[in-house]
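Quick notes on the structure that follows.
The values are calculated or read from the model by the stated rules, or taken from the named source; none is laboratory data. Since the model is a prediction, treat every value here as computed from it, not as a measurement. In this analysis, Cβ positions are derived from the backbone assuming ideal geometry, glycine residues included, and neighbour counts consider all displayed protein chains. Each accessible area value is taken on the protein alone, full model and side chains, heavy atoms only, with ligands, DNA and RNA left out. Shrake-Rupley method; radii C 1.70, N 1.55, O 1.52, S 1.80 Å.
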Amino acid sequence: MPASRRNLVNASSDWMPAPGIVSPALWRAKGAGIQSDEALTRFLREAGINLHHPVGTCRMGEDPMAVVDSRLRVRGLEGLRVIDASVMPTVTTGNTNAPSIMIGEKGAAMIREDAAAFTTAAAAPSRSAA
């Protein structure tokens, strides 16, 4: 059993990663005999899965490393926005559903605002005719 877990359980058979990280069947078949932290790290890197809540893959901001700006527009591509959980800077402590819905609602409002501003600007009289 890995050294980091010795004080938390009575025997190596008492400990296993959370089922959402490694399937219990895979742990029993390949992971239960792990004896070192290094072996545990190697096993988790090879067998681990995510919890199906990927966020933060599309950095938002005004700096050169940001993928989208504060209005969720993809930098360098006109007419494309990212309006989903990938713009979250970190994983929320709860389910990502409600924050994702909020991001979608806010993104939709931004699209409506930008369309209204464009329509207003296009309808303004031209001063170059004078």
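Is one or more of the residues making up the stretch 115-124 surrounded by 11 or more Cβ atoms within 10 Å (Cβ to Cβ) and either among the β-branched types (Val, Ile, Thr) or under 15 Å from the mean Cα position of the chain (by Cα) (or both)?
Within the stretch 115-124, not a single residue is surrounded by 11 or more Cβ atoms within 10 Å (Cβ to Cβ) and either among the β-branched types (Val, Ile, Thr) or under 15 Å from the mean Cα position of the chain (by Cα) (or both).
Filtering the stretch 88-114 down to residues that are at pLDDT below 95 and hydrophobic (A, V, I, L, M, F, W, C), which residue is surrounded by the most Cβ atoms within 10 Å (Cβ to Cβ)?
Selected residue: Met88.
Does Arg81 qualify as being touching a strand residue (DSSP E or B) at 6+ places or on another chain (Cβ under 7 Å), among the charged types (D, E, K, R) and at pLDDT 80 or above?
Against the criterion (touching a strand residue (DSSP E or B) at 6+ places or on another chain (Cβ under 7 Å), among the charged types (D, E, K, R) and at pLDDT 80 or above), Arg81 qualifies.
Could you identify the single residue in Leu8, Leu40 that is modelled with pLDDT of 65 or more and out of contact with any Cys (no Cβ under 9 Å at 6 or more places or on another chain)?
Just one listed residue meets the conditions, Leu40.
Only residues that are surrounded by 11 or more Cβ atoms within 10 Å (Cβ to Cβ), part of a loop (DSSP other than H, G, I, E, B) and more than 12 Å from the chain's Cα centre (by Cα): list them for the stretch 52-69, please.
Of everything in the stretch 52-69, those that are surrounded by 11 or more Cβ atoms within 10 Å (Cβ to Cβ), part of a loop (DSSP other than H, G, I, E, B) and more than 12 Å from the chain's Cα centre (by Cα) turn out to be Gly61, Ala66, Val67, Asp69.
Looking only at the stretch 71-83, which residues are open to solvent by less than 70 Å² (accessible area, probe 1.4 Å) and touching a helix residue (DSSP H, G or I) at 6+ places or on another chain (Cβ under 9 Å)?
Answer for the stretch 71-83, where residues must be open to solvent by less than 70 Å² (accessible area, probe 1.4 Å) and touching a helix residue (DSSP H, G or I) at 6+ places or on another chain (Cβ under 9 Å): Arg71, Leu72, Arg81, Val82, Ile83.
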